Every structure is written in structure tokens, then in C-alpha cells.
Amino acid sequence: MIHLNTITKQYGSQVLFRQASFQILAGSRSGLVGANGAGKTSVLRMITGEEQPDGGEVSRPKKAVIGYFSQDVGEMSGRSALGEVMAVAEGVVQLGVEIKAMEAEMSRPLPEAEMAELLVRYGDAMEAFEHQGGYDLETRAQTVLTGLGIGPDEYHRPVESFSGGWKMRIALARILTLNPDVLLLDEPTNHLDVESIIWLEEWLADTFKGALLMTSHDRDFMNRVVDRIVEVGNQTITTYSGNYDFYLREREVRREQLLASHRRQQEMIAKDEEFIARFAARASHAAQVQSRIKKLEKIERIEIPPVEKTIRFEFAPPPRSGDDVVKLDGLGKVWPLPDGSLKPVFDGVSGLIRRQEKIAVVGVNGAGKSTFLKVLAGETAPSSGRMVLGANVSSGYFSQHAMDLLHPQRTVFDTVQEAIPLAPIGVVRNLCAAFLFRGDAVEKRISTLSGGEKSRVVLATLLARPLNLLVLDEPTNHLDIQSRGILLDALKRFEGTLVLVSHDRHFLRSLVNRVFEIDRGEMRPYEGNYQYYLSKAQPSV
């Protein structure tokens, strides 16, 4: 369907690809992976025609409808949420108007040649209208909005009244409603909760029939949706038949094979070079020496792609807290509304958080998970009941708001050093490196960092401090798969107590040993890991 043939692309001296090729076939499901800056976004933009390759070509069918969801949603205003979603199909609506006009024209007597030409245009318009789902456009838009968490009571709410994260959902709903032939998704799960992610998985599997190419930091989502991985890196594009977990295994197998081939080649080269050095001065061996010199000149040398080193920072054990870390007794919280009324969030929450437990707080969007964490972290006072901290408990809290508290003019190094002022420079640099700030990157100012980089800075400062209770609200937001792996490894080794909210199911499955579910204002504990919770509470998740 879409072919990228021997494409070359570079920015200044940085070469992204050289003579790289791959195809997007009809109905295929592909995941696009690669390090930050490797060129994933450039691939997507070349497919849409927003960028052009420096060499090679991108061929796509003229009539193919391509839908592209990116993190840059642009301005939204002047429409309702439903109107904004349906606006993506303005061409379909216009087709409907043209079809009605042609039907009116056909009801009048026309010359035979004119009628024949009109029938051809009418047939083409009807085919396009049906192909683009013109008959059920509004129903489809409503279904998609509801699936992404925007229900019927919010269809007609002004789009400008939604927060940035909810506008991202509306932008995603636009592209899904378009139902294109080729769907390009750049991090579609970033602002979705677990329920919306599951709905999107099912929609892509059961409803969408076109071709899909997507990037995602959600490992479970990738595994459930794609059956092919397209890797961008080392100035080329490589494909793997299988999901993300298969790709990780197969990549290691291919690297081992490449290393073995490289060793054999180096041994052969060393033998030939030894022969040349030994017999270069002997006339009797001149022909053999020249033959081996020409052989070495022609040989295509196997190159080993560099492997990014991962530094594992050894965190100091936190001070020991008492065995009972937090006692909750009838805890409740209400928020005051602008009209003076009170909105209940949860009520009557009682329970005990014990030392070294790693607890996931789960529940549908709006259930009160973040509010519960704020109360737990002391960021807001409970409206009723009591929360009692145990002996020697020192807590740290992470939320998306924490990134706004970073000093914009400080460097990464200065910010991390401030958290551990007595640590030697080498220790501070190792901590920065463990969170992927290496070399000159530690001198970057906070104001120049991306959302993911700011998250890594905050998490590094939090984990470096002598805390024995961590309260983390969506710590994986904005983090790529590699950064999530680093954080997961650090939290697995954390010897204190952990309470967190995350929509990354792989992260939760690999980490937590207890689950608190908030549902309709009440909290239910599950005395088992995340998989146990799923089997008991939500078998379909």
C-alpha cells in the first residue's frame, strides 16, 4: 500500500537513514520503535507528505486516506466536543451534499451523454461516501468519544473548556472517527486511563480494518495490538515479524549472530594481514600477497552497532520505618465546587499500609485516585476521618505538578546535586547518568527539557533522598520504554514502602504486591499482586 524505497534523510551532519526501505501493507499492524532522535517522527511525517526524503521515494495510492495523530493537537475552539470530532470528516459531509445535488439533477431529463457522465460521477461519489463511513458518521463519533472517556453528557460541552489531556482525547477521537485507510498514531495512550486504553485496543482489533503504524511507550499495548515491529536506528530501518516482546528477544538473537559473524571476519582478516606482513618482502609470494590485499580491500566490513550503556545507580537504603506505615480510619474527602456545593470524592476509607508493601491504587477515571494520593502525601487535608503516620516515616510525593516546581534556570546537575548536597560530584553524575543524562546533557537547563526529561529529573531527586515512603501519581507519564525500565528497576530495588497510580499495566504487573481499588467512593483492598486483582475484579482487562 505505502512503500518507502531506499530513503535517505539527514539534518545537518546527523544522518537518520541511508538507503532504508520498508512497506506498510493493507491491514497490517506495525509498531515503530527507536531511541529518541532516531527519526520515528520523520518517518511518520514522510508518510503523510509533511516531510520529503533527501533521497529515495515514498509512494502511496492517490485515493488512500491517511489519518495522523500526533502530540501537537493545535488550537481547538468554537465547537462542541462532538462537533470538533465530526469536523474531521468535512470532506465526507460535503460529499453528502454533492450526492443530494446530483440526485436532484438526475430527476430531470438530460441528454444521454450528460446523464452518462453524471452517473459516473454519482457512482464515484457514492463509493467514496460509503468507503469513508458517511452513513454512520455521527454515531461513530459518539461511540469513539464515549470509548475514550467523554460521555453523552459532555458531547456538547465547548471544546475549549477541556483541559490539555482531554483535548488530546478529542484529537485522537477525530482521527479514529475518520476511519482512514492508513492510521498513524504517535503515542496514543499518553493521556488515557486503563479503561480507555483497553477500549482502544479492542477498537483497533475489532472495528478498524485499515493499516496501522504507531509508536507507544506502553509495552502491554504494543504487545496486544501489533504483530510487526519497525525499528529505526543506526541509520537504517529494520523489520521484525512479531510483537514487542518478540522483537526484544529476536533483536538479541540477531545481535549475537552479528557478533559471531564479526568475530569470524576479524579472525580471517587477522590471518590475511599476518600473511601479508610475513611475506610482503618475498618475491616468491608476491602474487599471493597482492591477491590477499585486493581481497581485504573488497571485503564488506561488518560493523557492530553501538549499545547504549545503562548505569545502575545503587541507592542508599532508606531509614527503617515502623512496621505500620500509615493507618487510615474512616478517611473521607470532598472538594468545594464554584457554586458552593460539595463534591464527595471518597468516604469511610479504612485500612493499613505496612512496611515494604508496594501498592497500586486503581479505579476508573474520576474515582478519586489522585486525590487519595494527595491526602496520603499530606498535600491536602482529609475532610473527615484520620490518617496516622507510623514511627520514623519520611515520605516523598511525585505528580505531574512536581515538574512545574523545578527551577527553569538551573541545570540538571545543579537540581540533582541540591537533593543530595553532601554527595561527591561523581555520585551526582552517576545518578544523572542512571536517568539518561550523560556527558554534557547534565548541563542542560531545566527550561530546555522535554516533559519526559523533566520527569526523569524529578524522579532522580526523589529516589536519591533518604525517604522510606514514596507516593507516586502517574510516574510513567511522558517516559519512553527505556526510561520506564530504568524507573521500574529502581523501584523494584527500593527497600521502603511504595503507593502509586499508573496506567502502565506492564509496570504494575512487574512491581506491586497489593492493590487498593477506589470504586464509588469506597476503597477495597486486594491481598495479592496486580494479576491477582485482575483475575478477581476485572477478568477482561
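Points to keep in mind about this one:
- At least 30 Å along the helix axis (C-alpha) and Kyte average at least 0.5, DSSP helices within the chain: none
- Simple label model, 7 Å out from Cα along Cβ direction - Lys298 to Thr146, nm: 6.9
- Charge tally for Phe346 (other residues, Cβ to Cβ under 13 Å; Lys, Arg +1; Asp, Glu -1): +2.
- Applying D = kT/(6 pi eta Rh) to the range 78-179, where Rh is the Kirkwood radius over alpha-carbon pairs, T corresponds to 25 °C and eta to 0.890 mPa s, the Stokes-Einstein value obtained is 162 µm²/s.
- Measuring max minus min along each principal axis, the C-alpha atoms of the range 274-430 give extents of 101, 38, 36 Å (largest first).
- DSSP beta bridges in the range 324-537 [antiparallel fraction, %, rounded to 5]: 55
- Annotation: Cα Rg of the range 292-359 relative to the compact-globule expectation 2.2 N^0.38 Å equals 2.76.
- Packing around the peptides 500-509, 527-536, taken as the average count of other Cβ atoms within 10 Å per residue, puts them in this order, highest first: 500-509, 527-536.
- Derived value for the chain: Kirkwood hydrodynamic radius 27.3 Å. Basis is the mean of 1/r over every pair of different alpha-carbon atoms.
- Cα centroid of the range 263-279 to Cα centroid of the range 23-45, whole Å: 41
- Of all lysines in the structure, those lying under 20 Å Cα to Cα from Lys298, and not within fewer than 8 positions of it along the same chain, are Lys271.
- Cβ-based net charge around Asn243, under 14 Å, with every Lys or Arg adding one and every Asp or Glu removing one: -1
- Hz values of 3J(HN,Hα) by residue in the range 469-479 - Karplus curve (6.51, -1.76, 1.60), Gly and Pro given as x: 9, 9, 10, 10, 9, 6, x, 8, 4, 6, 8
- Cubic angstrom per residue, convex hull over Cα atoms of the range 397-541: 118
- Of every Cα-Cα pair in the range 479-541, the percent that sits beyond 20 Å: 30
- Sorting 77-87, 181-191 by average packing, meaning the other beta carbons within 10 Å per residue, from highest down gives 181-191, 77-87.
- Here the range 257-298 is treated as a sphere whose radius is the Kirkwood value from Cα pairs; by Stokes-Einstein at 10 °C and 1.306 mPa s it diffuses with a coefficient of 145 µm²/s.
- Within straight-line reach of Lys9, meaning a Cα separation under 17 Å, sit the following lysines at least 8 residues removed in sequence or on another chain: Lys40.
- When both bridge partners sit in the chain, DSSP labels roughly 55% of those beta bridges antiparallel.
- Each of the peptides 214-226, 101-113 was scored by the mean count of other Cβ atoms within 10 Å over its residues; in descending order, highest first, they stand as 214-226, 101-113.
- Expressed as a whole percent, the proportion of Cα-Cα pairs in the range 125-184 lying more than 17 Å apart is 43%.
- Positive-end extreme of charge dipole, the range 257-298 - chosen from Gln290, Ala280, Ser261 (charges on Cβ): Gln290
- Cα convex hull of the range 236-277, projected area averaged across orientations, nm²: 3.8
- In the chain, the calculated helix contribution to ellipticity at 222 nm averages -12500 deg cm²/dmol per residue, counting -39,500 (n - 2.57) for every DSSP H run with n ≥ 4.
- Pairwise centroid distance, computed over Cα atoms, of the range 111-160 with the range 435-460, Å: 45
- If you take the Cα centroid of the range 472-541 and the Cα centroid of the range 212-252, the two points sit 24 Å apart.
- Neighbourhood net charge (14 Å Cβ-Cβ; Lys/Arg +1, Asp/Glu -1) for Ser77: 0
- Cα-Cα pairs of the range 30-87 separated by more than 18 Å (percent): 52
- Computed over the range 354-410, the ratio Rg/Rh where both radii use C-alpha atoms and Rh is Kirkwood: 1.01
- Applying a threshold of 22 Å to the alpha-carbon distances of Lys369/Lys536; Lys62/Lys209; Lys167/Lys374; Lys327/Lys374 flags Lys167/Lys374 as lying beyond it.
Coordinate-derived values only; no laboratory data. This is a predicted model, so every value here is computed, not measured. Cβ atoms come from the backbone with ideal geometry, glycine included; neighbour counts cover every protein chain shown.
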